[in-house]
Structures are given as structure tokens and as C-alpha cells.
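Below is one structure, written out as C-alpha cells; the observations come after it.
The values are calculated or read from the model by the stated rules, or taken from the named source; none is laboratory data. Computed from a predicted model, the values in this text were never measured in an experiment. So basically every Cβ, Gly included, is an ideal-geometry build from the backbone, and we count neighbours across all protein chains shown.
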Amino acid sequence: MALNKAIWASAYTAHPYHNPVIGWRSDIENVPIGKLRAFHDTYYWPDNCTLTLAGDFTEAAALEAVHRHFAALPRAPHPIPELYTVEPAQEGPRRTVVHRAGQPGVVGVAFKRPSGLHPDSAALALLTTALGDGMTSRLYRALVDTGLASEVFVDNNSLRDPGLLLCYAMLAPGVPHERAEAMLNSTLHAVAEQGLTSEEIQRARRQLTAQRAFKRDGGAAVAAELNESIALGDWTDYATQAARLDAVTPADLQRVARETFAERHSTTGWFVPAGEEEGSAELPSSGPDKSATPSASSASVTAVPPPNPAASAPHSEAFGDTAHPPRVSASPAPVAGTLFRRPIGGIDFVARPTGVSEVVTIVGSLAAGDAFSPADNTALALLTAALLDKGTTRHDKFALAELLAGMGATIEFGSDRLRVEFTARCLRADAPAVIALLAEQLRQPAFASAEVAKEKARLAGELQQAMDQPGARAAIALSRALWPEGHPQRQPELPRTLADLALATPTQVAEFHRSHYGPRSLRLVAVGDLDPATIATAVERSFEGWVGGSEYPAPPKLPAPQTHGQTVELPMAEKPSLTLLLGQTTGLQARDTDALALKLATHTLGGPTFTSRLISTIRDTEGLTYGIGARVGVDSITEGSWFIRGTFDTTLLGRGEASTRRELSKWFEQGITAEELAAQKTNYVGVFKLGLATTTGMAEALLGALERGEGPEAVDSLGARVNALSLSEVNAAIRHHLDPALMVVIKAGTLPGP
């Protein structure tokens with residue numbers, strides 16, 4: 001966001017961290033090709049590259065493939081330049097303000113922190129977890145629970161050179177920036193002066209222990225984490241993180257807090273929505289400098305130290321006795337032959353063990369999404385789902401959060417048009433306890449008046465933020481153009497949802513929960529390092545006696561709105577880019593054969609790869625957009641939709657829309673080629689199989705199959721079904737279900753003038 005760029009630019013005056021990662025807008029628009037080529041020829045050499053492999057392969061085969069593909073590449077003919085710029089010591093607090101159209105107001109406070117390989121990095125990881133991770137965190141209690149902010153987060157940038165620790169507060173409606181900033185700084189200063197409690201430290205340790213396990217869930221996750229350590233300058237950082245965290249003492253934490261949260265190291269930023277006034281012409285001071293001792297970051301910022309000598313040690317020696325190489329799941333065995341499935345009290349329950357170590361992921365859904373809200377209050381389903389983790393009849397929200405954080409576990413709820421969805425992650429030993437807490441939150445939410453009021457205020461802030469986002473506005477407008485009144489997929493306009501949210505009462509929320517929550521439509525899937533019988537027993541015990549719930553409705557037979565070919569424009573001030581949508585309904589549901597055929601064809605047009613037609617032509621060749629793609633939206637309950645989504649600069653919208661329509665027409669009229677279909681089959685099946693290598697990917701695939709009524713065996717058969725599709729079937733699906741002339745066009749953002 002604009003404020004984040006402004007804070008980094010203010011905090012750094014000499015070091016390249018002053019600049020955005022991809023450069024300033026004028027850089028991107030005006031950089032000469034020759035300069036790009038010179039940069040490439042300076043840095044893009046194999047001796048300036050590290051290749052990380054993690055997954056199901058033999059070492060010999062992997063090394064042979066690396067040699068075959070890379071051995072012919074020459075080394076750089078010159079030394080790779082080293083960064084020599086050192087950021088001077090910051091000698092006082094800095095401030096920046098961004099005035100722009102938008103919602104909500106934001107306060108950000110950043111502090112210089114040492115490089116990622118600095119000995120204090122482990123203490124900073126514990127500090128930021130205690131400050132900003134979940135409802136038990138200091139900043140949540142100080143700002144969100146008190147109604148000053150709708151959201152807080154801490155971004156601990158552990159980088160090769162000294163980075164920033166940023167604390168952000170998204171202000172609740174009507175809250176002055178000064179008040180939120182004062183509370184944020186007061187909270188940080190309290191930690192610096194008094195330290196963390198023993199309970200906070202233990203909880204943060206447990207959270208980080210679980211997060212390390214979660215980050216080893218699948219080969220891609222392991223490789224990504226190892227690459228982060230390589231980017232810092234020493235791959236053995238990956239292997240020693242646990243030992244360094246264990247060595248941090250309470251005294252270390254307080255010392256690091258005092259050194260870090262010193263006013264002289266701070267850069268404060270405000271995002272002030274246009275039309276609001278700052279509290280004063282001179283922004284207020286953050287308060288007295290609370291640091292008692294000089295810090296490492298108060299000295300001149302220095303380059304990263306040389307790599308640890310252990311980097312050259314043998315594998316087992318470098319990892320030592322306290323951290324072992326992670327066990328990475330092999331390619332998944334056939335799903336249907338290795339899972340456990342049975343009904344439990346009306347719940348469709350599935351458990352699937354995998355080769356991952358320690359990690360268990362639990363996902364599920366039930367029929368209580370936004371479309372189930374009564375006609376007189378469109379916000380009830382949203383509010384009910386948001387309150388599930390805000391306290392039960394047995395535990396208030398902080399007690400729940402402390403129980404979960406004490407295990408390093410997480411439970412998250414969300415809702416879409418039809419479903420309430422949940423995801424839980426935990427370690428193997430804690431799975432029964434986490435299932436019990438999940439059941440408690442689903443079955444016995446308290447809906448206390450105070451919590452309902454707080455959640456209404458928080459959601460109002462999120463909805464106001466969505467009203468300022470071209471993408472969100474465009475998506476709602478498209479749904480209203482495609483679906484008639486009364487259709488489950490037709491979304492209410494944001495002002496209506498805001499107004500209904502304000503009117504919702506605890507009694508209405510409790511009644512909605514009684515009417516729609518229950519096991520009748522509940523699907524629950526557990527995947528990972530688990531014993532199916534143990535998990536089944538926990539589910540049976542935790543959900544015993546629960547009855548009721550809703551069924552998914554049959555889609556109403558309503559006339560389609562008369563919007564074919566319509567263009568809807570949503571003007572929004574001061575937006576750096578606008579959103580363009582072209583879409584229509586397809587009549588397809590998730591289980592239809594044509595849905596899979598249309599997905600393959602759509603991936604060729606606008607899939608998430610650089611070889612898709614829209615990306616390769618409109619982005620790479622014509623340079624009109626940074627992001628554009630096409631998607632098939634299908635559901636197991638209602639008929640689906642199809643759309644193209646692109647973002648364009650205001651001055652490029654006309655050319656961008658023309659190019660998009662040209663590529664769409666060509667694709668519709670000519671279809672895709674045999675070569676494109678073969679490539680898409682390989683990519684589609686490959687990406688799907690890679691997803692199954694993680695507990696989350698496997699769990700979501702199984703849940704999707706249950707929701708479609710296909711059964712878990714559909715996960716195994718997907719590859720065969722994809723490969724069985726012929727070119728004629730795929731191209732026929734395009735022409736049968738789509739028509740460019742009938743597509744609705746949505747434009748949201750700062751529109752070009754006449």
C-alpha cells in the first residue's frame with residue numbers, strides 16, 4: 001500500500017531498501033531496454049544463483065538433471081558486484097503522511113532492526129509473535145479489543161541487511177490517528193520497560209514451534225523456507241532456528257525491546273483519507289525516548305556478516321543434534337485406498353494419514369453462508385460466522401485464544417455465499433483437544449452483547465475498506481448484473497450490508513445460529529500425521545448430541561436479468577489502477593464434464609502462467625497491464641459463471657479493453673490448439689498433484705470432492721478425467737457455454753475522461 005512505500009522511503013535515505021522492490025512507477029514506465037539488459041548481464045549468472053531442491057526424488061537423479069540443464073551455462077566473466085552502501089545511523093524520529101482517497105485511516109510505526117543473521121533475530125521473532133499474533137497478542141488487546149482498530153499486524157522484516165519491524169493499525173471508523181498512535185506506542189513502551197510475562201513468552205515459543213512444523217508441510221514449503229535463509233546469507237540459519245529460539249531468555253527479550261522500540265529509531269506514518277484533517281499541523285511526538293541502552297541498530301547499519309562456517313560442514317554436522325532435516329512427504333498414495341470415512345452423528349467425516357511429520361490440518365464446511373441471511377438483514381450470516389471465535393458459553397474469546405496459542409494451534413472461520421468454512425492446524429498430539437475446541441465454537445457460541453458490538457465495529461471497518469477497493473466493487477457489481485434478485489450468488493451492495501450490520505442484534509444472531517448451524521450438512525476432513533481412529537473418536541465425543549442445521553437449497557428457477565452486453569461504470573477517485581471485468585453465466589455446475597473442459601480452455605486463455613494468451617500478449621508483448629487472467633467459477637449447488645479480470649492504468653484502459661476483447665474473440669472463434677491442450681493437461685494435473693503433497697492441499701481437495709457429492713475417489717480420478725478430454729470437446733465447451741457478445745462489462749476505478 002502507499003503508506004508502506006512511504007514509510008520505507010522515509011526510514012532509509014541511502015540504502016536501496018529506500019526503493020520499492022520493483023521500482024517506482026516512473027522507473028517501470030521509462031527504464032530503457034539497454035539498462036534492463038545491462039542489469040541482467042551483470043547479475044544473472046549461475047555463480048550468483050543457488051538452486052534448492054526438496055521433495056520426492058533421489059539425489060543421483062536430481063544432480064544428473066541439474067547437470068544436464070545447467071552445466072553448459074558459463075560462469076560470470078566478471079566479479080558479481082557487492083552492495084557497498086551503508087545506511088547511516090538514524091539520529092531522530094521520522095514522520096510521513098499520505099493523503100489519498102480511501103478508507104480506512106491507518107497508523108504505522110516502524111523501527112530499525114538488525115539483519116536476519118544478527119544474534120537478536122530469535123528474540124525479535126518471539127517479541128513480534130507476542131505483540132501481533134492473534135487475539136492473545138498485546139496489540140490486539142490494546143487496539144482491536146478496545147475498538148480503536150479493526151485490525152493490527154506486525155511485519156518483522158528479517159532481511160540480509162538491517163530491515164524494519166513495522167506495526168500497523170487499521171483504524172476503526174471515527175477513531176483519531178493520534179489516539180491510535182498513542183496507544184500503539186504506549187503498548188510497545190510497556191513491553192520495553194516491563195518485559196513480557198512468562199505466560200506470553202511460553203505461548204510465543206509454542207506458537208513458533210508449531211509454525212516451524214507447518215512450514216515443513218510439503219517440499220515446496222521446505223524449499224521456500226530454506227531459500228529465505230540462503231537469501232539472508234547463510235543456509236544453516238534454517239537448521240539452527242529452533243536452538244536459537246530456545247536460548248532466548250526473558251532478559252534478552254526486554255533488552256531487545258528497549259533497543260528496538262526507541263523513538264530515535266522510529267518512522268511513523270499516517271494514511272489520512274482525503275476529506276479528513278490531521279489532528280494538527282505538527283504531528284505529535286511519540287513520547288519520550290524509552291531506551292536505556294545503546295542498541296546494535298543505533299550504530300551505523302552494516303552489511304551482513306560472512307556466512308557461518310557450518311555452511312561448509314557435512315550435512316549431519318551442520319544440522320547438529322537439536323535440529324534434524326525435515327521429513328518431506330513422498331508423492332501421495334491413491335487417496336481412496338488410504339483414507340477412513342464414515343458418518344458420525346450426521347457429519348460426513350474423512351481422515352487421511354500422510355507422511356508429513358507432526359502436522360495435522362482439519363477443514364470443513366456447512367450450509368450457513370451469506371445467502372442464508374434473511375431478506376430483512378443481509379449481514380446476519382457474515383456476523384454470525386465472524387463471532388464463532390469471539391467466545392463460547394464455556395470460554396470467553398481470550399480464554400479460547402490462550403488455549404489454542406498454548407498449543408501453537410489455529411482455528412479460523414469464514415463464509416462465502418453458501419458455506420461457513422473452517423480450517424484448523426495443530427500438532428499431532430493436540431488434535432483431539434483442537435477438535436474439542438472447534439466443536440465448542442461451532443455448537444456453543446456465546447454471542448455476548450459486548451462482543452457483538454465490537455465485531456460489528458470491526459466488520460464495518462472491513463466493509464468500508466472494501467468500498468474503497470476497485471476489485472471488490474467490481475466483483476459485487478458483476479454478481480448483481482449476472483444473477484437476478486433472490487439468487488444465492490447475487491451479492492447485496494456494500495452500503496446495504498453496512499446498514500444491515502448496524503441493525504443486527506445479539507438476539508437475531510443467536511436465532512440465525514439456531515436455525516442454520518448443525519451437523520446436517522457438515523463435512524469434516526482431517527489430514528496429516530494422525531491415527532484415523534483417534535481422530536474419529538475425538539469427533540464423535542466432541543459433536544455428540546448436536547442436531548439440526550440446514551440443507552443446501554435447490555437454485556431457484558428465476559429469470560436471468562436483462563443485462564447481456566451491458567457496461568457498468570463505477571467511478572472512484574485517485575486510484576492508481578482500475579479493474580476491468582468481462583463475464584457471463586455458463587449454466588455449468590462443478591460435476592459437469594463441460595466444466596472441466598471449459599477450465600482447461602480457460603487456463604489456455606488466462607491461466608496463472610506466463611504462457612497463457614492474455615498474460616503473454618497483453619502483459620508481456622503489449623505492456624498494458626501487470627495482471628490479467630480468466631477464470632471459470634463453478635459450484636456444486638448453483639450454476640456457475642465465467643469472467644476475465646484485468647487491472648489497467650487509467651490512460652491504458654481503452655487499449656487494454658480492446659486487446660482483451662481481441663484475444664477473447666480469437667479464442668472463442670478458433671478455440672485452442674492441440675499443443676496448447678497437451679500443455680494445459682500436463683500443467684493442470686501437475687499443479688493438482690503438487691497441491692496434494694501438503695496437508696492443506698489434500699484436505700481441501702477431499703472436502704471439495706465431498707461438497708460436489710463425488711466422494712474421495714474423485715481426487716484419484718481427476719488426472720484420468722483431464723487426460724480423457726479431446727480437443728473437440730474442449731473447444732465445443734467454449735462455444736456452447738460462452739458468447740463474447742453477451743458478456744457484461746464492469747469498470748471500477750479512476751475512469752478516463754471523455
Problem set entry | Any chance residue 416 is under 21 Å from residue 549 (Cα atoms), crowded, with 21+ Cβ neighbours inside 10 Å and of a type in the set (Asp, Glu) | no
Exercise. Any chance the range 633-647 includes a residue that's over 30 Å from residue 554 (Cα atoms), without any contact (Cβ under 8 Å) to a residue 40 or more places away in the chain and polar (S, T, N, Q)?
Worked result: no
For this session: Would you please name the residue that is surrounded by the most Cβ atoms within 10 Å (Cβ to Cβ), looking only at residues in the range 732-754 that are within 17 Å of residue 482 (Cα to Cα) and charged (D, E, K, R)?
Result: 747
Exercise. Touching a residue at least 12 places away in the same chain (Cβ under 8 Å) and assigned to a loop (DSSP other than H, G, I, E, B), is that true of residue 338?
Worked result: yes
Seminar exercise, completed: Those residues of the range 1-40 that are more than 26 Å from the chain's Cα centre (by Cα) and in contact (Cβ under 8 Å) with a residue 12 or more places away in the chain come to a total of 7
Exercise. Which residue, of 604, 579, 609, is β-branched (Val, Ile, Thr), at pLDDT 95 or above, touching a helix residue (DSSP H, G or I) at 6+ places or on another chain (Cβ under 8 Å) and not in a strand (DSSP E or B)?
Worked result: 604
Exercise. Could we say that residue 244 is surrounded by fewer than 21 Cβ atoms within 10 Å (Cβ to Cβ), outside the structural domain of residue 355 (by TED's automatic domain parsing) and within 23 Å of the chain's Cα centre (by Cα) here?
Worked result: no
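Rundown of residues vs (1) assigned by TED's automatic domain parsing to the domain that holds residue 595; (2) modelled with pLDDT under 95; (3) buried (at least 19 other Cβ atoms within 10 Å of the Cβ), yes/no style:
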| residue | (1), (2), (3) |
| --- | --- |
| 666 | yes, no, no |
| 678 | yes, no, no |
| 699 | yes, no, yes |
| 719 | yes, yes, no |
| 724 | yes, no, no |
Exercise. Looking at the range 674-712, which of its residues are out of contact with any helix residue (DSSP H, G or I) (no Cβ under 8 Å at 6 or more places or on another chain) and either farther than 30 Å from residue 56 by Cβ or part of a loop (DSSP other than H, G, I, E, B) (or both)?
Worked result: 709, 710
For this session: Kindly establish whether residue 361 is under 27 Å from residue 417 (Cα atoms), of a type in the set (Ser, Thr, Tyr) and either free of Cβ contacts under 8 Å to residues at least 40 places away in the same chain or buried (at least 24 other Cβ atoms within 10 Å of the Cβ) (or both).
Result: yes
Problem set entry | Filtered residues of the range 195-227 (kept if touching a residue at least 24 places away in the same chain (Cβ under 8 Å) and more than 18 Å from residue 408 (Cβ to Cβ)) | 195, 218, 219, 220, 222, 223, 226, 227
For this session: Can you tell me which residue among 188, 196, 208 is crowded, with 17+ Cβ neighbours inside 10 Å, aliphatic (A, V, I, L, M) and in a loop (DSSP other than H, G, I, E, B)?
Result: 196
Exercise. Hey, does the range 476-492 have a residue that's farther than 30 Å from residue 584 by Cβ, in contact with a Lys or Arg (Cβ under 8 Å, 6 or more places away or on another chain), part of a helix (DSSP H, G or I) and not basic (Lys, Arg)?
Worked result: no
For this session: Only residues that are part of a helix (DSSP H, G or I) and either more than 29 Å from the chain's Cα centre (by Cα) or surrounded by fewer than 16 Cβ atoms within 10 Å (Cβ to Cβ) (or both): list them for the range 498-511, please.
Result: 499, 502, 503, 506, 507, 508, 510, 511
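Given the condition within 30 Å of residue 356 (Cβ to Cβ) and assigned to a helix (DSSP H, G or I), answer yes or no: does some residue in the range 102-121 qualify?
Yes, the range 102-121 has at least one match.
Looking at the structure I just gave you, is residue 477 out of contact with any strand residue (DSSP E or B) (no Cβ under 6 Å at 6 or more places or on another chain), more than 15 Å from residue 381 (Cα to Cα), of a type in the set (A, V, I, L, M, F, W, C) and at pLDDT 95 or above?
Details: out of contact with any strand residue (DSSP E or B) (no Cβ under 6 Å at 6 or more places or on another chain): no; more than 15 Å from residue 381 (Cα to Cα): yes; of a type in the set (A, V, I, L, M, F, W, C): yes; at pLDDT 95 or above: yes.
When the stated conditions are applied, residue 477 does not pass them.
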Problem set entry | Yes/no for residue 98 being free of Cβ contacts under 8 Å to residues at least 40 places away in the same chain, under 30 Å from residue 470 (Cβ atoms) and not assigned by TED's automatic domain parsing to the domain that holds residue 457 | no
